[in-house]
Amino acid sequence: MQFIREKESLRRAVAALRAQGGRIALVPTMGALHAGHMALVEEARARAGHVVASIFVNPRQFGANEDLATYPRREAEDARMLEAAGCAILWAPDAGEMYPQGYATTVSVSGVSEGLCGAARPGHFDGVATVVCKLFNQVRPDVALFGEKDYQQLAVIRRMAADLDLDLEIVGVPTIREPDGLALSSRNAYLSPGERAASRVLPEMLRALAAAIAGGATVAPALAEARERLVEAGFAKVDYVELRDAETLTPLGTLDRPGRLLAAAWMGRTRLIDNVPIVPEPATHRS
Ligand code: PAF
């Protein structure tokens, strides 16, 4: 695996991969890799002959009071994992290489970026869309893979790629979970043992809520009850529990098409997000 920090070297290395033939996949990450990231790499290997992984803790997607300074960084260990998983290139620029002096451009995707995490983290999705657009232009992959755990991020990236006529396939990979259901996240490392134990209520709540709504429960009171359940389980603050259209992310008052239940809540000082699919149960026909 080639470990690359400069755009010029990246261009040459990607051109050499292209010359060998086969598709190129990109797995963008912020490092501190776990089994969720490795599932993206595995899926990338199944879909392309060459895999480029990137590690860049993108300052533009962190708010002023967020965890940019403390975000876990384990580059050497990450590099070993990516090499063992068969990546051809690790692209790990520093902030000056990604955003040189005078950098002045932001990619902003309206609609899907609004509400949910977009409301709680103003500017976050502008930062994500900007860096992902740059990564796409730097690597020029045929396919790029993202976890469904960040479901709104995936929707933002799909919208951006369609709107900007980016010629690549965007693939969402299902969330990898701990045995008790908690979605894997680099931020889970912030949780104390007690907080970690209580956090399992987030996926439990989503599963129960999906079953209740698919079984006919009225949406608004079911969502309110779910928020209550999180507070009772020890979550300090609930940013949202919402039912949205699975594709456009517009709010759904009734489950009349495929949807997504999405939640974000604070366990102590750690913000956890999760989501599950939900589909209307087929109508039963009587003869
Ligand atoms: O999901 C992430 O790790 C980041 O938001 C991404 C897509 C690598 C952009 O910085």
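For the range 1-127, with only Lys/Arg (+1) and Asp/Glu (-1) charged at the beta-carbon, what is the dipole magnitude about the Cα centre, in debye rounded to 20?
In debye, rounded to 20, the range 1-127 gives about 440.
Taking the Cα centre of the chain as origin, work out the dipole magnitude from +1 charges on Lys and Arg Cβ and -1 charges on Asp and Glu Cβ, in debye rounded to 20.
Dipole size: approximately 300 debye.
To the nearest 10 degrees, how steeply does helix 219-232 sit against the main Cα axis of the chain, on a 0 to 90 scale?
80 degrees
Any chance you could list P(r) for the chain, counting all Cα-Cα pairs in 5 angstrom bins from zero, rounded to whole %?
P(r) over the chain, rounded to whole percents: 1, 5, 12, 15, 18, 17, 13, 9, 6, 3, 1, 0, 0, 0, 0.
Can you find, among Ala95, Ala13, Ala119, the residue sitting farthest towards the positive end of the charge dipole of the chain, where Lys and Arg contribute +1 and Asp and Glu -1 at Cβ?
Projecting each Cα onto the dipole axis, the largest value belongs to Ala13.
Over the chain, with a Gaussian network built from C-alpha contacts below 10 Å, which listed residue (Asp165, Asp239, Asp126) shows the highest mean-square fluctuation?
Asp165
Report the Cα centroid-to-centroid distance between the range 29-45 and the range 87-115 in angstrom, as an integer.
If we compute the Cα centre of each part, the gap is 19 Å.
Once the other residues with Cβ under 12 Å from the Cβ of Arg47 are scored (Lys, Arg +1; Asp, Glu -1), what is the net sum?
Charge balance in the 12 Å sphere: -2.
Does the range 135-279 come out rounded, prolate or oblate, given a ≥ b ≥ c as the square roots of the eigenvalues of its C-alpha gyration tensor, rounded meaning a/c under 1.5 and, failing that, prolate meaning a/b above b/c?
Note, shape of the range 135-279 comes out oblate.
For the chain, take the longest principal axis of its alpha carbons; what is the angle in degrees between that and the long axis of helix 201-214, to the nearest 10 within 0 to 90?
60 degrees
Give me the percent of Cα-Cα pairs in the range 1-107 that sit more than 21 Å apart, rounded to a whole number.
In whole percent, the share of Cα-Cα pairs in the range 1-107 beyond 21 Å is 39.
Taking springs between alpha-carbon atoms closer than 10 angstrom, which of Gln61, Gln152, Gln101 fluctuates most in the Gaussian network model of the chain?
Among Gln61, Gln152, Gln101, the largest GNM mean-square fluctuation belongs to Gln101.
Lysines within cross-link reach of Lys7: Cα-Cα under 24 Å, excluding same-chain residues under 8 positions apart?
Counting by Cα, and skipping residues close in sequence, Lys7 has these lysines nearby: Lys134.
Using only Cα atoms and rounding to the nearest 10 degrees, what angle (0 to 90) does helix 151-163 make with the longest principal axis of the chain?
Rounded to the nearest ten degrees, it is 60.
Highest GNM mean-square fluctuation, the chain, Cα pairs closer than 10 Å: which of Asn275, Asn137, Asn58?
Largest GNM mean-square fluctuation: Asn137.
Once label points are set 7 Å from the Cα along Cα→Cβ at both Glu83 and Arg158, what is their separation, rounded to one decimal in nm?
With each label placed 7 Å out from Cα toward Cβ, I get 3.7 nm.
Read-outs throughout are calculated quantities, based only on the coordinates presented, and are distinct from any laboratory measurement. Only a predicted model underlies this, so the values are computations on that prediction, with no experimental measurement involved. Using ideal geometry, Cβ is built from the backbone for each residue, glycine included, and neighbour counts are taken over all protein chains shown.
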